[in-house]
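Working notes, beginning with the structure itself.
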């Protein structure tokens, strides 16, 4: 009876395949990181013409050195953005956990490694508080992490002032375990005319790990689902809450890693009040193609975004411009990235399936 | 209501899911009053009615979003109370919401397997089996009438009917027993509607009990075995395919509309009665 009729005119319209070249282009544009890749290439080309020193070994080393901590934070924030959440507290977690490490070593006489482990626990606690608050209250994570940011920022300033009398804690060099910590978090390698730091390796590891997690594991699919269709994801049994909390733990751990890299490099920590660093991670992730609305983005893109940032910063400095132009330039990049992402997304939506 | 009991006496298969005298209220306003309905395996039950007739409330009750204040749901002849859509889902009731179950920027296969992805390898290296997932998703989509689909393309590239098919294919693949399809109110082309109808037929032929909610009697009559007419939250008619042809059904659905208007004007003319 009725079954014959829809079958007769149902599928017929859908047989003609799209041209192969067109599909390749669509697939390429569907990659969230493609915009950031074009960004790196165009910004790199622009500044390479302005300041040829940019592409020397020394220039590249400096660029990668600037990009590494940003990239580590950027990939963690990218995962969180894809899941539809936001984290403002990652930079302040970096500062306050390195302050905890420094105080534990200098004031309590703890070895470097136990101190690092304890501050990692502190970081994960902060992440857990952020994540649990967000999933239990349903408050926007922007506000929750803004509160965490303020608490930690004020707390670290007050704590370092109360204990050491200044906003700077130093004198870690020579503590037990310091040498091995420097090997893991602070060693450098001379390659050509540039000194490359080990933070580059950490950054590459973080990017590789998060990329694998995002595209090739069930966890990654849960991240995409949590951001792209939260209600559907919950109804299909995706552990949205667990995923969200884990991602906040991830950004907190990334914050700890950034803090530790800085601490080991400087042999101390300087607490200064600034919101700038918090925004930078998000800017980097958005330049990398992440949508603030969630459900779309890539960690490779965030790393490329960090590279765009670093190239522009070092390029402006090498070209002899007033470094104050950098922020304006970054804002412009962000705007271009937002517009480009919008175009790509509309195109994705509009692709006719025939 | 009476037909539901009559058909069981006919010696037909017992219903998979049954609603008995279900009443739902929003505040003091009844959205459904004593609605009874039996869904059987391999049968399409169409729910017809105008906007505000209680179609959405009925879907919400069956899929576990709303709990009835009176009456009961019986699954395999045992009373059940669903506390959440997840629970209804785990008991084999898959709901295809109007357009909600798709993450538009995720690929087709990621949407298809969301929450139940196939993996391979041992734990620290356990990873998605992308090749198998793409293959299964493409096969499942072909089964419901969308062949030749690239499972790696974003779901946003699918048209409205194809998105519904994706959700229906998912329900079929993961072994649902009851399929609730809430037809989108958004305009669809005839080909797209036909696609949805065809996947509904596929689901029926696979032995699912289908509840198909629509406002279009022509489309309903193409696939429906039983027709439940809703009006003002009440069952205005419970008919089988043998009872009506397309014209009768169209007249009934449209006639319900006219009768409501007539009733309203009569009440306005004689407020004391």
### Query
How are the C-alpha pair distances of region A:16-167 spread across 5 Å bins, as whole percents from the shortest bin up?
2, 8, 11, 13, 13, 12, 12, 11, 9, 5, 2, 1, 1, 0, 0
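Using the Cα atoms of region B:9-78 to build a convex hull, what is its mean projected area in square nanometres? Could you put the intermediate results ahead of the total?
On the way: hull surface 20.8 nm².
That works out to 5.2 nm², a quarter of the Cα hull's surface.
When 1/r is averaged over all different Cα pairs and the result inverted, which Kirkwood radius in Å belongs to region A:205-246? Let's see the in-between values first.
On the way: mean 1/r = 0.0963 Å⁻¹.
By the Kirkwood definition, the hydrodynamic radius is 10.4 Å.
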### Query
Relative contact order of region A:53-344: what whole-number percent is it, with Cα pairs under 8 angstrom and at least 6 residues apart?
36 percent
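Taking each pair of different alpha-carbon atoms in region B:85-231 once, compute 1/r for the pair, average those values, and report the inverse of that mean as the Kirkwood hydrodynamic radius in Å to one decimal.
On the way: mean 1/r = 0.0632 Å⁻¹.
15.8 Å is the Kirkwood radius here.
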### Query
Along the three principal axes, how long is region A:144-184 when you take its alpha carbons, biggest first, rounded to the nearest angstrom?
37, 25, 11
### Task
Over all alpha-carbon pairs in region A:96-203, figure out the percentage whose distance exceeds 22 Å.
48 percent
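Applying a 10 Å radius around every beta-carbon, put A:62-70, A:207-215, B:155-163 in order of their mean neighbour count, most first. Could the numbers behind the result be given before it?
Values: A:62-70: 23.2, A:207-215: 18.3, B:155-163: 21.3.
By packing density, highest mean first, the sequence is A:62-70, B:155-163, A:207-215.
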#### Entry: Stokes-Einstein D (µm²/s) once Rh is taken as the Kirkwood radius of region A:53-344 over alpha-carbon pairs, at 37 °C in 0.692 mPa s
169 µm²/s
### Message
Please list log₁₀ I(q)/I(0) at q = 0.11, 0.13 Å⁻¹ for chain B, using the Debye equation with identical point scatterers on the alpha-carbon positions.
### Response
-0.65, -0.87
### Query
Please state the relative contact order of region B:163-218 as a whole percent: Cα pairs under 8 Å, 6+ residues apart?
51 percent
#### Entry: Most mobile listed residue (B:20, B:126, B:91) in chain B, GNM with C-alpha springs under 10 Å
B:126
### Summary
Taking only the alpha carbons of region A:227-302, the radius of gyration and the largest Cα-Cα distance, Dmax, both in angstrom, are 16.0, 50
#### Entry: Two-site FRET efficiency, residue A:125 against residue A:187, from Cβ-Cβ distance with R₀ of 30 Å, rounded to 0.05
0.55
### Message
If you take each beta carbon of peptide B:113-126 and count the beta carbons of other chains within 10 angstrom, what is the mean?
### Response
4
## Note on the structure
Normalised Cα Rg of region A:150-307, dividing by 2.2 N^0.38 Å with N its residue count, works out at 1.25
## Note on the structure
Answer check: region B:94-161, Cα atoms, Kirkwood Rh, Rg/Rh ratio of 1.00
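Over all distinct Cα pairs, what is the inverse of the mean 1/r for region B:164-244, reported as the Kirkwood hydrodynamic radius in Å?
Computed over region B:164-244, the radius equals 13.4 Å.
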### region B:8-132 - convex hull of the alpha-carbon atoms, volume per residue in Å³
183 Å³
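Using only alpha carbons, build the gyration tensor for region B:144-190 and give me the equivalent ellipsoid semi-axes, biggest first, whole Å.
Values: eigenvalues 65, 53, 15 Å².
In descending order the semi-axes read 18, 16, 9 Å.
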### Task
With no solvent and one equal point scatterer per Cα, compute the Debye intensity ratio I(q)/I(0) for the protein assembly as shown at 0.07, 0.08 Å⁻¹ and report its log10, rounded to two decimals.
-0.57, -0.70
### Summary
Here the percent of antiparallel bridges among DSSP beta bridges lying wholly in the protein assembly as shown, to the nearest 5, is 60 percent
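Computed from the coordinates by the stated procedures, all read-outs in this text should not be read as laboratory data. Note that the structure is a prediction, hence the values are computed from the model and not measured. In this analysis, Cβ positions are derived from the backbone assuming ideal geometry, glycine residues included, and neighbour counts consider all displayed protein chains.
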